[in-house]
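Report on the structure given below.
The values are calculated or read from the model by the stated rules, or taken from the named source; none is laboratory data. Quick caveat, the model's predicted, so the values are computed rather than measured. Heads up, the Cβs are rebuilt from the backbone with ideal geometry, glycines too, and the neighbour counts pull from every protein chain shown. Ligands, DNA and RNA are stripped out before the accessible areas are found, and what is left, the full protein with its side chains, is counted by its heavy atoms. Shrake-Rupley method; radii C 1.70, N 1.55, O 1.52, S 1.80 Å.
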Amino acid sequence: NYLSSPFDKILKNGFKTRQTDVRSPRSVNTAMQLVAVVMQLQSLQQFGGVSATHLDWTMIPYVRYSFYKHFRDGMKYIENQQELPFTKEESCDISIDDERYKSHKAAYQFGMDMTSKEIYQAVEALYHNLNTLQSRSGQQLPFSSINYGTCTLTEGRMVTKALLDVSIDG
């Protein structure tokens, strides 16, 4: 008795609650937090569990946004360059394996390191949120299911690795 929310569409288009409008996230950290918020809101409205299917695929644009942000910082502070190979708006469509990134070795490595760290922290926060949610009955946590592991792109594999590492670390 699970409802699978279309997180790819929800995150891309944003959503409305009674109190506010939530715009599309611009980082993997924010996207993961919104997954937890949507799962909590949905669990309060229904009987049964909530599910996030193909979370590794869903997070790709947000991993790319985060990587671009960290790469930009690496270009500025490590390589002393202000010019970037493309704009922030274009970044969600361009793989983090793109040669335009990799041609700047130090900034690229900084971007990869910082993005991995951000994904790990985002997944930790997601798990903490899911493990502290209130259910409708108030006596137990809502049933939640996160499915992942089919994405072979670098971005999706980073998400899957973080989901597994955080689960193992507890």
Hey, among Q109, Q140, which residue is surrounded by fewer than 18 Cβ atoms within 10 Å (Cβ to Cβ), more than 20 Å from K69 (Cβ to Cβ) and either among the polar types (S, T, N, Q) or at pLDDT 95 or above (or both)?
Q140
Looking at K117, K88, which one is closer than 30 Å to Q42 by Cα, among the charged types (D, E, K, R) and loosely packed, with under 14 Cβ neighbours inside 10 Å?
K117
List every residue pair whose Cβ atoms lie under 8 Å apart, where the two residues are 6 or more positions apart in sequence or sit on different chains, the first residue falls within the stretch 12-24 and is within 18 Å of M39 (Cβ to Cβ), and the second residue, located anywhere, is among the aliphatic types (A, V, I, L, M).
G14/V22; F15/V22; F15/V38; K16/V22; T17/L41; V22/L34; V22/V37; S24/L11
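Tell me which helices (runs of 4 or more DSSP H) are completely within the stretch 72-170 and hold 3 or more residues being touching a residue at least 24 places away in the same chain (Cβ under 8 Å), or say none if there are none.
Working: elements: 88-91, 99-102, 105-130, 154-169.
Answer list for the stretch 72-170: 105-130, 154-169.
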Scan of the stretch 38-50 for residues that are assigned to a helix (DSSP H, G or I) and either touching a strand residue (DSSP E or B) at 6+ places or on another chain (Cβ under 8 Å) or at pLDDT below 80 (or both), ordered by number
V38, M39, Q42, S43, L44, Q45
The lone exception for D98 - which of (1) of a type in the set (D, E); (2) farther than 21 Å from L130 by Cα; (3) open to solvent by 60 Å² or more (accessible area, probe 1.4 Å) it fails
(3)
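Of all residues in the stretch 1-32, which are assigned to a helix (DSSP H, G or I) and open to solvent by less than 50 Å² (accessible area, probe 1.4 Å)?
Keep residues of the stretch 1-32 that are assigned to a helix (DSSP H, G or I), which gives 7-13, 28-32.
Within the stretch 1-32, F7, I10, L11, V28, A31, M32 qualify.
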